[in-house]
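So the structure is just underneath, and the comments pick up after that.
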Amino acid sequence: SSGKVFIDEVDIAQLDAYELAWLRCRKIGYIFQTFNIIQVMTALENITLPMVFAGMNNDAAVEKGLQLLELVGLGDRYSHKPFELSGGQQQRVAIARALANDPAIILADEPTGNLDGATGRMILGLLTDMRASEGATLILVTHDSNAADRAQRVVDLEQGKIQSDPANGRMAEGSQPMP
C-alpha cells in the first residue's frame with residue numbers, strides 16, 4: 001500500500017504519460033489471464049504489434065514473431081485468428097506477444113491456467129529460462145503449486161494481505177522458509 005517502484009534506477013511515479021507508455025512498451029511484457037489478444041488480427045499480427053509500436057521494422061518484426069510462435073509451439077498457426085485457436089493456443093499467442101520486445105520485466109497472471117500439463121510445464125520452463133539467461137524479472141500470479149515451486153521467492157496473499165514472505169521474515173503460522 002506504499003513505497004516506490006524504480007525501473008532502471010528511475011522512479012516511475014516521476015514519469016509523464018508518454019514516458020510511462022514508452023516504458024510499458026519496451027520494458028514490460030504482460031501475460032493476461034484472459035489473453036487480451038485482438039480478435040480481428042492473426043496470431044502473427046498480435047505478436048508483431050508491440051514490436052511495430054516500439055519502432056521495429058515490419059520485416060524484422062515478422063521474422064521475430066515467427067520465431068516466437070515456434071518457441072511456444074505454434075509455428076504452423078501464424079495465420080490463424082483467435083476464433084480458430086483453442087484457449088491454450090490463444091494463451092501461447094499472448095505469451096509470445098509478451099516476449100516480443102525482450103522485456104526486462106514479465107508480469108504473468110496465471111500464464112498456465114488455460115494450458116494442459118505438458119504445455120504448461122514447457123511454458124514455465126521457457127519463462128524461467130528467460131529469467132535465468134536474460135536476467136528478466138518474472139512476477140507470476142498463480143494458484144498452481146507447480147508454478148510456484150519454480151520461483152526464487154514466493155509471497156502468499158489472502159484477501160489482498162500478505163500471509164507469508166520468507167524473504168522479509170514474514171511467515172504464516174506453520175509455514176516453512178523456502179530453501
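Would you mind telling me which residue in 17, 61, 104 has the biggest mean-square fluctuation in a Gaussian network model of the chain, where springs connect alpha carbons within a distance under 10 angstrom?
17
Which longest run of the chain has no exposed loop site in it, a site being GluC sites (Glu not before Pro) in a DSSP loop with at most 11 other beta carbons within 10 Å, and the site itself not part of the run?
10-172
Would you mind working out the magnitude of the charge dipole of segment 1-142 relative to its Cα centre, with +1 at each Lys and Arg C-beta and -1 at each Asp and Glu C-beta, to the nearest 20 Debye?
Dipole magnitude for segment 1-142 comes out near 220 debye.
Taking a probe of 1.4 angstrom, what is the accessible area of residue 40 in Å², to the nearest 10?
We get 110 Å² for residue 40.
Under the rule of -39500 (n - 2.57) per DSSP H run of 4 or more residues, summed and divided by the residues of the chain, what mean residue ellipticity at 222 nm is obtained, to the nearest 500 deg cm²/dmol?
Taking each H run of at least 4 residues, the total per residue is -12500 deg cm²/dmol.
Taking R0 as 41 Å, what's the FRET efficiency between residue 84 and residue 146 from their Cβ-Cβ distance, rounded to 0.05?
About 0.90, to the nearest 0.05.
Which label marks the calculated value of Cα extents along the principal axes in Å, given the options (1) 44, 35, 31; (2) 52, 41, 30; (3) 52, 46, 31?
The listed entry that was calculated here is (2).
Mind checking the per residue accessible area of the chain for me, 1.4 Å probe, whole number of Å²? Could you put the intermediate results ahead of the total?
Numbers: 10750 Å² over 179 residues.
Per residue, the chain has an accessible area of 60 Å².
Given the options 48, 137, 112, state which has the largest fluctuation in a GNM of the chain using a 10 Å cut-off (strictly under) for Cα springs.
137
Put +1 on the Cβ of every Lys and Arg and -1 on every Asp and Glu Cβ in segment 26-90; which of 85, 52, 68 then has its Cα farthest towards the positive end of the dipole?
So the residue furthest toward the plus end is 52.
What percent do you get for the relative contact order of segment 59-179 when only Cα pairs under 8 Å and 6+ apart count?
With pairs under 8 Å counted, the relative contact order is 16 percent.
At 1.4 Å probe size, put 30, 78 in order of accessible surface, largest to smallest.
The most accessible residue leads, giving 78, 30.
Which one of 81, 161, 64 has the biggest mean-square fluctuation once the chain is modelled by GNM with Cα springs under 10 Å?
Among 81, 161, 64, the largest GNM mean-square fluctuation belongs to 161.
State the percentage of accessible surface on the chain attributable to carbon and sulfur atoms; use a 1.4 Å probe and exclude ligands, DNA and RNA.
Working: 5470 of 10750 Å².
Its accessible area is 51 percent carbon and sulfur atoms.
If one computes the Cα centroid of segment 113-148 and of segment 1-19, what distance in Å separates the two points?
Between the Cα centres of segment 113-148 and segment 1-19 lies a distance of 26 Å.
Top to bottom by accessible area (1.4 Å), largest first, where do 28, 47, 162 land?
Order by accessible area, largest first: 162, 28, 47.
Using heavy-atom solvent-accessible surface (probe 1.4 Å) with all chains present, what is the largest-first order of 2, 133, 86?
Sorted descending by solvent-accessible area, the residues read 2, 133, 86.
The values are calculated or read from the model by the stated rules, or taken from the named source; none is laboratory data. Note that the structure is a prediction, hence the values are computed from the model and not measured. As a convention, Cβ positions derive from the backbone with ideal geometry for all residues, glycine included, and neighbour counts pool all protein chains shown. SASA here: full protein model, heavy atoms, side chains in, ligands and nucleic acids out. Shrake-Rupley method; radii C 1.70, N 1.55, O 1.52, S 1.80 Å.
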